[in-house]
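In what follows, a single structure is set out as structure tokens and then discussed.
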Amino acid sequence: MNPMIPFHSLLLLAALCLLLRTITATDGAGDLLYIDCVEQCEKTGCVGDRCFQHCKFSSDGTPIDGPWYMHEPLYLRWKQWDCRTDCRYHCMLSREEERAKHGAQPVKYHGKWSFKRVSGIQEPVAVALSALNLAIQFHGWVSFFILVYYNLPLMPDKKTYYEYTGLWHIYGILSMNSWLWSAVFHSRHVELTEKLDYSSAVALLGYTLIISILRAFNVKDEARRVMISAPLVAFVTTHIMYLNLYEFAYGWNMKVCVAMAVFQLLIWAIWAGVSDHPSRWKLFVVVVGEGVAMVLHTFDFPPYKGYVDAHALYHATTIPLAFLWWSFIRDDAEFRTSYHLNKVK
């Protein structure tokens, strides 16, 4: 039996699940009781016994923020919670409590599940896991930097023997940037944070596709690297501009991201299968893990206790995979450095 068949099957399943996924949850924003709750809240500034300073209006309809001592500190105003968003949030929680008492299933509101805030953070678990991913990426990048510049021999001109050092530095920076904006976006969903999160994720996926091709095919010549990278850079840049300047198309973006992810995982899996790299088992584990994470990402279930959903679990799976991935990168640096030193001898 071909050992690559399980990897191909897993990646194909992940791609089909993502590309063919349909939203089955009803949008509770059309619930008449929810609509009435929001309308009443915007008039009275209260949902039940809870009232909001954002919803205080003068006789001419302009909002009154209240006295200076009721204002939020500047460092908390990034949340941008206003009367409507506060009313929607608390009406959503109120309706979900009523639905749960009657045994009804949770529903989405305005396309999103009913998460519970913590200190104004919309998805606290996803934020915490994004921050952990950011920390793992930083640790991996720093450990790689120390390895290639301080622990491994350098050439006479102080350059590293490892010919992919610069590429992995860029990868580290893009990864940390992506997880930073992931944490910001899950803290507060607004148009700007959403675009920054999606754009940084697309940029990272595009770059990792490039680096998978360059490493798997052992492309060391700068001219050839440019020839391979230029079309992909142009495509990714055009796609990001399309999302930000023309239309933020979720479906199209999902297809592009899935295609880039599956293609690069296939490249790594096939290369690991035919290569004699001493750490190829780590590649196999990462490929399988990423395939499982992609499948997990397709499951769209209500957040458990209002905090943990499929997306949060996806973030959790990427933490050990990132640690193992940077371990492979360090092993690859040692492997290639040893190869070049043996050639010199």
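Since every read-out is calculated from the coordinates, none of them should be taken as a lab result. What you see is a predicted model, and the numbers here were worked out from it, not measured in a lab. With ideal geometry, Cβ positions are generated from the backbone for all residues, glycine too; neighbour counts draw on all protein chains shown.
Coupling constants for region 216-231 follow from the phi torsions by the Karplus curve (6.51 cos²θ - 1.76 cosθ + 1.60, θ = phi - 60°), and in residue order they are 5, 9, 6, 7, 10, 6, 4, 4, 5, 4, 5, 4, 6, 6, 3, x Hz; glycine and proline get x. Remark: the PHE217-LEU154 segment gains 20.3 nm on full extension, using 0.36 nm per residue and subtracting the alpha carbon distance.
The average projected area of region 119-344, computed from the convex hull of its Cα atoms over all directions, is 13.6 nm². If R0 equals 56 Å, the separation of the Cβ atoms of HIS139 and ASP36 corresponds to a calculated FRET efficiency of about 0.65.
Once fully extended, how much extra length lies between SER327 and VAL274, figured as 0.36 nm per residue of separation less the alpha-carbon to alpha-carbon distance?
On the way: separation 53, 0.36 × 53 = 19.08 nm, distance 2.02 nm.
Going from the current span to full extension adds 17.1 nm.
If R0 is taken as 25 Å, the Cβ-Cβ distance between LEU341 and VAL226 corresponds to a FRET efficiency of 0.35. Computed extension length for TYR307-ALA131: 61.8 nm, one decimal, from 0.36 nm per residue of separation with the Cα-Cα distance subtracted. Each label point was placed 7 Å from the Cα along the Cα-to-Cβ direction; for ASP300 and SER119 their separation is 3.2 nm.
Convex hull over the Cα atoms of region 167-232, averaged projected area in nm²? Numbers along the way, then the final one.
On the way: hull surface 18.6 nm².
One quarter of the hull surface, i.e. the mean projection, equals 4.7 nm².
I want to verify the translational diffusion coefficient of region 261-345 in µm²/s; compute it with Stokes-Einstein, Rh as the Kirkwood radius over Cα pairs, at 25 °C and 0.890 mPa s. Kindly include the intermediate steps, with their values, before the conclusion.
Working: Rh = 14.7 Å.
This corresponds to a translational diffusion coefficient of 167 µm²/s.
Whole-percent P(r), region 95-229, all Cα pairs, 10 Å bins from 0: 11, 27, 27, 17, 11, 5, 2, 0. Sequentially through region 121-131, phi angles give Karplus couplings (6.51, -1.76, 1.60; θ = phi - 60°) of 8, 5, 10, x, 5, 4, 5, 4, 5, 5, 5 Hz, Gly and Pro residues having no value and appearing as x.
For region 119-344, a simple Cβ point-charge model (Lys and Arg +1, Asp and Glu -1, everything else neutral) yields a dipole of about 500 debye relative to the Cα centre.
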